[in-house]
């Protein structure tokens, strides 16, 4: 082979490696175990995510009531998300994940039971949804805060991208399967699939190493711990802006409460559910998944603040395009574009929280992150649902997208330090020291 051909081949390999997702965090056995729990539950959780709003819409025939599911889920997310972050800073994180995972599985099983028995009570569904979100709000900050104890700081964006890519894969396949299977297996079976997947994932969580607090002996998490987290966050403008950017994107721009109505009235789904509903729910995850698969470049960019601002603006433009789309496939394309932008924003916002917060505050910051990430779309469900009831689905979605861009530009101008923020180099901030058990065994050993 000539020197020129070898050089061309080397460049091609370099380009390919910069695009393919970075798999280096999977060499850490402990992180690999945590990652496998996401694989198992990725699809099952989306069955419930589709089943709940579909069941509420079937029982009430109103997008306003579908939006109410967001309000019902918001209260436990606010309370238990913040408290769950404090728990993650004061209790062994593996134990917290086990208990909260069991709670989520139990509520999924109860959702199956009420649907199987045909109770036909929207209030029973809403109460169980709220209870499930309480367990979820404790679980998520704990899982995310554990990542920085398992991988070095320079691999954090890659680790976050790996977990998010698998989750997005489930968010693509799950809604598609749910929309396809719903007319054949019935709504109750979707809940049962989720409960089963959650039970299976607990084995992988059980095999994780213990992740006790680095700050000292375990203690109970109280109100003082939560307030300390808010005081810490108030002093960090970069952290504040990372939360604000996502609040703007989700509250103003997430149109998912409109999907059941748009699937039937705009895109021709039958009343019992069909492919359009599945496509709408899976389009954003499709874009996020494609972005995750080609996310090798994410670890190389250090302008994390600027990347978040640009990504959120792209999200807003995409949601405005979705609202104005005249066909199902055009709507799916805009949603997928938004999903890719949201994936990019999420990776960098998560990395900012992991590196800008100390370990003793990391759980509480992730608790706030969970409240913002999970709570923002639920507020959006309420806002978009009732706005659509008054103005129509197209105006609600398109107007929200435009508002995202305007508010993001204003916020960035008010907090320019975030635009200038750069990620620390590996030599500037390393992951906390871990025992051999915490770090996990070499990649050559089985998980």
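Each value in this text was obtained by applying a stated rule to the coordinates, not by laboratory testing. Just so it is clear, the structure is predicted and the values come from calculations on it, not from any experiment. As a convention, Cβ positions derive from the backbone with ideal geometry for all residues, glycine included, and neighbour counts pool all protein chains shown.
Quick notes
- Simple label model, 7 Å out from Cα along Cβ direction - residue 303 to residue 206, nm: 4.9 nm
- Over all Cα atoms in the stretch 21-179, the spread is summed up by Rg and Dmax: 16.9, 51 Å.
- Euclidean distance between Cα centres, the stretch 297-345 to the stretch 29-95, Å: 23 Å
- Building the convex hull from the alpha-carbon atoms of the stretch 364-414 and averaging its projection over directions returns 4.2 nm².
- Among 233, 97, the order by Cβ neighbours within 10 angstrom, fewest to most, reads 233, 97.
- Sorting the segments 154-162, 174-182, 138-146, 301-309 by their mean number of nearby beta carbons within 10 angstrom, highest to lowest, gives 138-146, 154-162, 174-182, 301-309.
- Separation of the stretch 245-279 from the stretch 128-167 is 26 Å, based on Cα centroids.
- Radius of gyration (Cα atoms) of the stretch 165-216, expressed as a multiple of 2.2 N^0.38 Å: 1.64.
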